[in-house]
Amino acid sequence: LLAVFRFKVLILAYAMCRLRHWWAIAFTTAVTSAFLLAKVIISQLFSQGAFGYVLPIISFILAWIETWFLDFKVLPQEAEEENRFLIAQDASERAALLHSGVLSDGQFYSPPESVAG
């Protein structure tokens, strides 16, 4: 359920609202960490042997790896792709302005082997 919460909040923030800031990652990581701490304290997982130690540690590690991956890998790649798209779009708009107008006959040629006319 915690992963579903993180997924929905991050999709809402970055895909639907098109945010370009790290606050959504920080918010979901803080909520995840608080939930995991409360879960460990309330359920007394540490009294259940090795599994009680391994489960919360792995949960924290996964939450922070997801945070690192999204913040340092995914978001910069998306920003780079958006910059490329904007540059390509700007170049195509300029090209349309440069080549607008009626083409003259001097801009076309026929190979020497072709029949005239």
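The values are calculated or read from the model by the stated rules, or taken from the named source; none is laboratory data. The structure presented is a predicted model; accordingly, all values stated were derived computationally and were not measured. With ideal geometry, Cβ positions are generated from the backbone for all residues, glycine too; neighbour counts draw on all protein chains shown. Just so you know, the surface numbers come from the protein's heavy atoms only, side chains and all, with ligands and any DNA or RNA stripped out. Shrake-Rupley method; radii C 1.70, N 1.55, O 1.52, S 1.80 Å.
Based on the alpha-carbon gyration tensor of the range 21-102, what equivalent-ellipsoid semi-axes (square roots of 5 times the eigenvalues) come out, in whole Å, largest first?
Values: eigenvalues 512, 23, 8 Å².
Over the Cα atoms of the range 21-102, the semi-axes work out to 51, 11, 6 Å.
With every protein chain present, what is the per residue accessible area of the range 21-102 (1.4 Å probe, Å²)?
Numbers: 6200 Å² over 82 residues.
Per-residue accessible area for the range 21-102 comes out at 76 Å².
Suppose each label sits 7 Å from its Cα in the direction of the beta carbon; what would the Val4-Phe60 distance come out to in nanometres?
Inter-label distance under the simple model: 2.6 nm.
Roughly to the nearest percent, how much of the accessible area of the range 21-102 is carbon and sulfur, given a 1.4 Å probe? Please list the in-between numbers first.
Working: 4470 of 6200 Å².
That share works out to 72 percent.
Output ³J(HN,Hα) for the range 33-48: one whole-Hz value per residue in order, computed from phi by the Karplus curve 6.51 cos²θ - 1.76 cosθ + 1.60 with θ = phi - 60°, and x for Gly and Pro.
5, 5, 4, 5, 4, 4, 4, 5, 5, 6, 7, 6, 5, 5, 7, 9
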